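Beneath this line is the structure, given in structure tokens, with notes to follow.
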Amino acid sequence: MKLPTPLHLWSLSPTRAVSMQKRLAARVHTSALSKDVRLVAGADCAFVESDRIIACWVVWDISDGTLVEKQHVVRAVRFPYVPGLLSFREAPALIAAARKLRTEPHVFMVDGHGLAHPRRFGLACHLGLFLGRPTMGCAKSRLCGVNCDPADRRGAIASLTDREGEIGRVVRTQRGVRPVYVSIGHLITLDDAVRLTLESCTKFRLPEPTRLAHAEVSRLRRSLSLEIA
């Protein structure tokens, strides 16, 4: 898959990375999706021996529930673990894996946050600007903001708010399970992101694209760990 010109280099200190987040946050835009969205690419990452990262994309066809393609890369980790700067550890590998995709997904979904981030620039936003495609976050836990719990039924929604107002939505994907935290990354609306989250969930709590990506990186990590041992 052909990607736009990179926005910046990755060899930044944590202090400069924070400044970069604040600068790039102004370039995030919302845009309504067309009604024929079908291919959703889900991402997940795993770390091996703390110095290598596995990044994987799984393309899932939302119309018939089939797996279309999966690609991954294994790379050295170049950025330290700093809360709020996760994208500087994971995005370079995820971008490299996205370049290997043969299909053209309509939407990219990450297991992480977008606008629901202290500086309004989480992993989904960072990737969205680099990919130049609609991108959204669907996280398992809250990073910032406050919310009420949605009702215990599939499709129940509550607003996730912070100082400026709504930064995401808390979505109950199945009855009797913990909700997920949905936010926009780039070139998508919050309504569309919530809709795709629910359409991508079959019988599990997590959407199929990110659930399958997690299963794939877990398999790859076990394989690499055995090779090291």
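The values are calculated or read from the model by the stated rules, or taken from the named source; none is laboratory data. Note that the structure is predicted; figures quoted are calculated from it, not measured. For neighbour counting, all protein chains shown are included, and Cβ atoms are generated from backbone atoms with ideal geometry for every residue, glycine included.
Summary of computed values
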read-out: Lone qualifier among 162, 191, 149 - being acidic (Asp, Glu) and in contact with a strand residue (DSSP E or B) (Cβ under 7 Å, 6 or more places away or on another chain); value: 149
read-out: Residue 126 being at pLDDT 95 or above and part of a loop (DSSP other than H, G, I, E, B); value: no
read-out: Number of the condition not met by residue 223 [criteria: (1) on the phi < 0 side of the Ramachandran plot; (2) outside any helix (DSSP H, G or I)]; value: (2)
read-out: Flag if residue 143 is under 23 Å from residue 86 (Cα atoms) and in a loop (DSSP other than H, G, I, E, B); value: yes
read-out: Qualifying residues in the stretch 14-62 (those that are part of a strand (DSSP E or B) and of a type outside the set (A, V, I, L, M, F, W, C)) - the one nearest to residue 214 (Cα to Cα); value: 44
read-out: Candidate set from the stretch 29-61 (those that are among the acidic types (Asp, Glu) and at negative phi); member that is surrounded by the fewest Cβ atoms within 10 Å (Cβ to Cβ); value: 36
